[in-house]
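Colleague: Sharing a structure below in structure tokens format, with a few things to ask.
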Amino acid sequence: MIRAIMEKEIKELLKSKEFISYYIMLIAVIGIIIPISAKESILNRSWYIMGFVFQIIASIIPSGLTADSFAGEKERKTIETLLLSPVPLAYIFLGKVIYIVIVTLSIIAIIFGISYILFIIMNFIEYKNLVLNFYSFKAIYFIFINSLVACFFTTFLGVLISLKSKTVKSANLFNYFIAMPVIAPVLGKLYTGSISWAFILVYQLILLCGIGLLSLIIKNKFKAYSILENM
């Protein structure tokens with residue numbers, strides 16, 4: 001059932017020319033322009049700039065998708081059909097969350113791949129030396145695992161806000177305001193160029209506890225009939 005929800009959401013996204021155009025532009029700007037502009041830092045093995053960028057992606061990209069998850073269904077007058085289906089609300093919710101996380105991480109992986117190839121080319125042009133290892137294990141862990149945890153948390157929270165919002169616009173507004181404080185501590189550390197393993201692991205633990213708490217709230221406090229009654 002969760003897979004069916006995910007497939008439905010992905011098909012709808014691929015039909016949207018606006019979303020596709022936006023993501024292509026995003027990949028081009030972040031995957032090409034930013035690495036070129038930050039060439040000196042990257043070639044000197046400083047991963048903090050790209051780590052900064054990937055954290056923003058992991059929190060900002062889900063905002064638009066989460067806002068549309070349930071509030072969009074309300075605007076399109078399809079929310080009743082969705083909630084009155086035999087699929088439990090928790091499964092619908094989880095299907096939408098996983099779909100958004102998959103889309104976000106796919107974009108992060110594409111941007112990472114493009115930027116990495118650019119780094120190899122720029123390093124060869126600059127130093128006439130073929131280097132394939134630009135990121136330490138800590139950098140790779142941070143970029144992918146920390147992005148995954150941050151993405152899950154902001155997505156859970158964003159879909160929950162969308163469930164309670166009447167319009168996509170209001171849900172989007174709340175999501176953007178919430179996303180930035182979530183990643184602000186990490187961005188501050190990256191900006192100073194100093195981030196420890198202890199900080200990363202404690203930060204991830206706090207977000208995982210938040211995800212667990214949100215899961216309990218969704219499971220116990222939200223029912224399809226009560227949402228329909230409050231519309």
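The values are calculated or read from the model by the stated rules, or taken from the named source; none is laboratory data. The structure displayed is predicted, hence computed values, not measured ones. Glycine also receives a Cβ, built like all others from the backbone with ideal geometry; neighbour counts cover every protein chain displayed. To get the accessible areas, we keep the full protein, side chains included, count just its heavy atoms, and leave off ligands, DNA and RNA. Shrake-Rupley method; radii C 1.70, N 1.55, O 1.52, S 1.80 Å.
Colleague: Can you tell which of K128, K17, K96 is open to solvent by less than 10 Å² (accessible area, probe 1.4 Å) and of a type in the set (K, R)?
Modeller: Numbers: K128 fails: open to solvent by less than 10 Å² (accessible area, probe 1.4 Å); K17 fails: open to solvent by less than 10 Å² (accessible area, probe 1.4 Å).
Within the list K128, K17, K96, the selection yields K96.
Colleague: Oh, and also: What about I227, is it in a helix (DSSP H, G or I) and modelled with pLDDT of 85 or more?
Modeller: For I227, the condition - in a helix (DSSP H, G or I) and modelled with pLDDT of 85 or more - is not met.
Colleague: Here is a further query. Considering only residues that are out of contact with any Phe, Trp or Tyr (no Cβ under 7 Å at 6 or more places or on another chain) and farther than 22 Å from I218 by Cβ, which ones fall in the range 77-111?
Modeller: The answer is K77, S106, A109, I110, I111.
Colleague: Separate question: Identify, by number, the condition in (1) modelled with pLDDT of 85 or more; (2) open to solvent by less than 60 Å² (accessible area, probe 1.4 Å) that V182 doesn't meet.
Modeller: It fails just one condition, (1).
Colleague: Tell me, yes or no, whether the range 131-151 has at least one residue that is among the hydroxyl-bearing types (S, T, Y) and buried (at least 21 other Cβ atoms within 10 Å of the Cβ).
Modeller: The answer is yes; a qualifying residue exists.
Colleague: Let me ask something else about it. Report whether or not I114 is in a helix (DSSP H, G or I), over 24 Å from N220 (Cβ atoms), touching a residue at least 40 places away in the same chain (Cβ under 8 Å) and touching a Gly at 6+ places or on another chain (Cβ under 8 Å).
Modeller: yes
Colleague: Criterion first (surrounded by 20 or more Cβ atoms within 10 Å (Cβ to Cβ) and closer than 22 Å to G188 by Cβ) does S63 satisfy it?
Modeller: Criteria met by S63.
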